[in-house]
Amino acid sequence: MSKAKSLPMIVIVDDDASLRAATRSLVRSLGYDVHDYGTAEDFLASGDADRADCLITDINMPGLSGIDLKHALAGRGCKLPVLLMTASTDADTLDRANCCGAIRTLRKPFDCHDLIDTLEEAVGAA
């Protein structure tokens, strides 16, 4: 008897509840297992970093930013692929995002196909 393959787990961290819900709905519709959190601290406390296949996070959040979260994960030895999202047009923020090791930075509002393509590259096509 073969063991059923589990769905890839995608984690979304964003303090904007409506954007988090919309992203969760899109990612779930693609057939992924989705967990979401309103803060980076809640995500780190959950233990999901060890089980997740990809993290989608906003850059600008109260407490730890998405970039800080990426660094915190790297400091723990976690190689989880991280996709950053931002509405910022600040050159310094965008430079920091590009240099932190994220797989991609999407500017809000983003095209859902860019998110889908990035997820497929990060976890493999279903």
Inset, instruction - Within region 40-56, which residues have the backbone N less than 20 Å from the label spot 7 Å out from D16 along Cα→beta-carbon, could you tell me? - result: 40-43, 55-56
Inset, instruction - Mind telling me which of I116, I12, I67 comes out most flexible in a GNM of the chain, alpha-carbon contacts under 10 Å? - result: I116
Inset, instruction - Taking DSSP loops as anything outside H, G, I, E and B, show the longest stretch in the chain free of trypsin sites (Lys or Arg not before Pro) there with at most 16 other beta carbons within 10 Å. - result: 80-126
Legend entry - Helical contribution to [θ] at 222 nm, DSSP H n ≥ 4, -39,500 (n - 2.57), averaged over the chain, rounded to 500: -12000 deg cm²/dmol
Inset, instruction - Report the relative contact order of region 17-126, percent, no decimals, based on alpha-carbon pairs under 8 angstrom and at least 6 residues apart. - result: 21 percent
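Each value in this text was obtained by applying a stated rule to the coordinates, not by laboratory testing. Not measured: the values here are computed from a predicted model. In this analysis, Cβ positions are derived from the backbone assuming ideal geometry, glycine residues included, and neighbour counts consider all displayed protein chains.
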